[in-house]
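Enquirer: Input: one structure, supplied below.
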Amino acid sequence: MRTQVAIIGAGPSGLLLSQLLYRAGIDCVVLEHRSPDYVLSRIRAGVLEQGLTGMLEEAGVADRMHREGLPHDGFTIAVGETRLRIDLKDLTGGKTVMVYGQTEVTKDLMDAHASRDAKIIYQADDVIPHDFDGNSPKVTYLKDGQRHEILCDFICGCDGYHGISRKSVPEGALTEYEKVYPFGWLGILSYAKPVDHELIYANHDTGFALASMRSHTLSRYYIQVPTGTDVNAWSDEMIWDELKIRLGAEAAERMETGPSIEKSIAPLRSYVAEPLRFGRLMLAGDAGHIVPPTGAKGLNLAASDIHYLSGALIEHYAEKSDAGIDHYSQRALARIWKAERFSWWMTTLLHQFPELGAFNARIQQADMDYLASSRAAQVSLAENYVGLPY
Ligand code: FAD
Ligand code: DHB
């Protein structure tokens, strides 16, 4: 088989890229090693920046998001007894975020692909990118026990942190930057009315908590747990009790509880690989970088990579210019590092780090006091949270 662009991974990065390229008349094939149901079963991000919602519009997959998504004008930070509302709309001159789950974004993209009979090969095993240092790259894979080959012009590695694309880069060509946090987030999804109409990020003596949602009847909550925690050690009841402590008495009184329909632990890590382009292989999304989830940047950052990458590929085919491809890594990384900084900062502000000692705890308190007392600090938080410009 021959195509113009072979995309490895059918998560949000791969599907958004494929949809944008299709609309520009560029042929592509997506290879995914899981099944569609498995991809949809992964509960992940929930807050979309306007940059991403704009791209979903551009891709022609935004109708359901506009019908069912929840625009949010602000959120609350709760530290001890202090409650600070961050009025995103006021602080940014009118910008907001959209609460709409990654699962729904992925489903809308899958539906758009299905309606045009797009080439997505699910359950493709042993996917390998080859010869991307020359002009004739190819991808091989196993399907139903048979090996297949796709000849292409470019390979886009959209296969997440554990994918094969980054691992295929020759040793020494990649510089990696990493920070691993000594805790993870235990998340639950439950058919319970959200405790507030906006999100609450809390830093309590016993750890971080986040009250989020997917709809007016479906709540998503997270609590900080030490690395190595067994998810089965936390019953639903224990999680609800801990949420009530960490989110404070007022929220506890209002909190509706119920059985969890999903429960999992995500480790927290900051990671960047540089560069993001190796000849005719480009990395995008989690394949190239990871942020801790505190600033809700992971999915949004994947989308900004796809903005630069789709633009570069469209420029290559439509204008016969490789300027966008040559600059892809540099442009994407400039925005990635700012999101890395912001996610690290929000993580540092809102989690318990007992191992860092009393000095750090005081700095954390001073950071929160400064935020509460300074509009300039709040503007900085708000402009990063709604998303820096592309
Ligand atoms: P992915 O979503 O990882 O998609 C990659 C795809 O490639 C997958 O479908 C995978 O099956 C496929 N693949 C992998 N290897 C291969 C291979 N060898 N061959 C073919 N296909 C392959 N972000 C937030 O903002 N908020 C959150 O609350 C949040 N929670 C998260 C929880 C977890 C457990 C994880 C892992 C991430 C979370 N994130 C969160 C981050 C956010 O979900 C990611 O940034 C986003 O999914 C990135 O999209 P992606 O398409 O780049 O990668
Ligand atoms: C959600 C996840 C986040 O990381 C975040 O900062 C806000 C919301 C969520 O899953 O709803």
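Laboratory data are not the source of any read-out in this text; all were calculated from the coordinates shown. This is a predicted model, so every value here is computed, not measured. Counting neighbours? That spans all protein chains shown, and the Cβs are built from the backbone with ideal geometry, glycine included.
Enquirer: Quickly work out the ALA173-to-GLU58 label distance, labels modelled 7 Å from Cα along the C-beta direction, and quote it in nm with one decimal.
Expert: It works out to 2.7 nm between the two label points.
Enquirer: Using only alpha carbon pairs under 8 Å that are at least six residues apart, calculate the relative contact order of region 172-320 and give it in whole percent.
Expert: 28 percent
Enquirer: Simple spin-label model, 7 Å along Cα-to-Cβ: ASP236 to LYS193 in nm?
Expert: Placing both labels 7 Å along Cα→Cβ, they lie 1.8 nm apart.
Enquirer: Then there is this: I want the local charge near LEU174. Using Cβ-Cβ distances under 14 Å, sum +1 for each Lys or Arg and -1 for each Asp or Glu among the other residues.
Expert: Charge balance near LEU174 sits at -2.
Enquirer: Hey, another quick one. Take each of the peptides 304-317, 165-178, average the number of other beta-carbon atoms within 10 Å over its residues, and list them starting from the highest. List each step's numbers first, then the result.
Expert: Numbers: 304-317: 22.8, 165-178: 13.1.
Order by mean packing, descending: 304-317, 165-178.
Enquirer: Over region 116-269, what per residue volume does the convex hull of the Cα atoms give, in whole Å³?
Expert: 198 Å³
Enquirer: Using 7 Å Cα-to-Cβ label points, what is the ASP205/ARG42 separation (nm, one decimal)?
Expert: 3.9 nm
Enquirer: Under 8 Å for C-alpha pairs, at least 6 residues apart: give me the relative contact order for region 1-122, rounded to a whole percent.
Expert: The normalised contact order for region 1-122 reaches 33 percent.
Enquirer: Give me the Å³ per residue figure for the convex hull around the C-alpha atoms of the chain. Intermediate results must be reported in sequence, preceding the final value.
Expert: Working: hull volume 56.8 nm³, N = 390.
Considering the Cα atoms of the chain, their hull volume per residue is 146 Å³.
Enquirer: If you stretched the chain out fully between ARG147 and GLU355, how much longer would it get, using 0.36 nm times the residue separation minus the C-alpha to C-alpha distance?
Expert: 69.8 nm
Enquirer: Right, another one. When every alpha-carbon pair in region 244-390 is counted, what percent end up more than 22 Å apart?
Expert: 56 percent
Enquirer: Which lysines, on any chain, are close to LYS95 with Cα under 28 Å apart, when same-chain ones fewer than 8 places away are left out?
Expert: Within the straight-line limit of under 28 Å, LYS95 reaches these lysines: LYS107, LYS193, LYS297, LYS338.
Enquirer: Under a cut-off of 19 Å between alpha-carbon atoms, report the aspartates and glutamates in cross-link reach of LYS263, not counting same-chain residues fewer than 8 places apart.
Expert: Partners found: ASP37, GLU104, ASP230, ASP236, GLU237, ASP241, GLU242.
Enquirer: Taking 0.36 nm per residue of separation and subtracting the Cα-Cα distance, what length does fully extending ARG375 through LYS338 add? Please report the intermediate quantities before stating the final value.
Expert: Numbers: separation 37, 0.36 × 37 = 13.32 nm, distance 2.04 nm.
Answer, rounded to one decimal: 11.3 nm.
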